[in-house]
Amino acid sequence: QVQLVESGGGLVQAGGSLRLSCTASGSIFSINAMGWYRQGPGKQRELVATITNSGSTNYADSVKGRCTISEGNVENTVYLQMNTLKPEDTAVYYCVAEGVATPLGFFPNYWGQGTQVTVSS
């Protein structure tokens, strides 16, 4: 199985930036794609961004143009660079991984414990 550990969350002012990190361990070579989900207070869980092994990326409309997902070049890691943060970005952010690729879409089966991001106004 795969274990995911997130880091980089914290408290920032509106307009600031934050970079979230996720490190995978275990059966890391079985990962086909990774991404980030978030869930704010009283809101539905939202898929923020994804990246495949081929490097293809996809972003939610709510963060498009402000966020960048990328792969690490040393460890089996992914990053989420978030710029121009807004109070509505406040949420628990979860790193996710897809163990088996499917043509139907992105279906992660591994989840991290989450990291809190709070944006003050």
Legend entry - Residues satisfying the stated conditions in the range 84-104, i.e. more than 14 Å from the chain's Cα centre (by Cα) and closer than 14 Å to Leu20 by Cβ: Leu85
Legend entry - Pairs, first more than 19 Å from Gln44 (Cα to Cα) and of a type outside the set (Asp, Glu) in the range 56-67, second open to solvent by 70 Å² or more (accessible area, probe 1.4 Å) and in a loop (DSSP other than H, G, I, E, B), C-beta under 9 Å, six or more apart: Gly65/Thr84; Arg66/Thr84; Arg66/Lys86
Inset, instruction - Would you be able to tell me the number of residues in the range 1-18 that are open to solvent by 70 Å² or more (accessible area, probe 1.4 Å) and under 26 Å from Asn109 (Cα atoms)? - result: 3
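The values are calculated or read from the model by the stated rules, or taken from the named source; none is laboratory data. All figures in this text were calculated on a predicted structure; none of them were measured in a lab. Reconstructed Cβ throughout: ideal geometry from the backbone, glycine too, with neighbour counts over all protein chains shown. Each accessible area value is taken on the protein alone, full model and side chains, heavy atoms only, with ligands, DNA and RNA left out. Shrake-Rupley method; radii C 1.70, N 1.55, O 1.52, S 1.80 Å.
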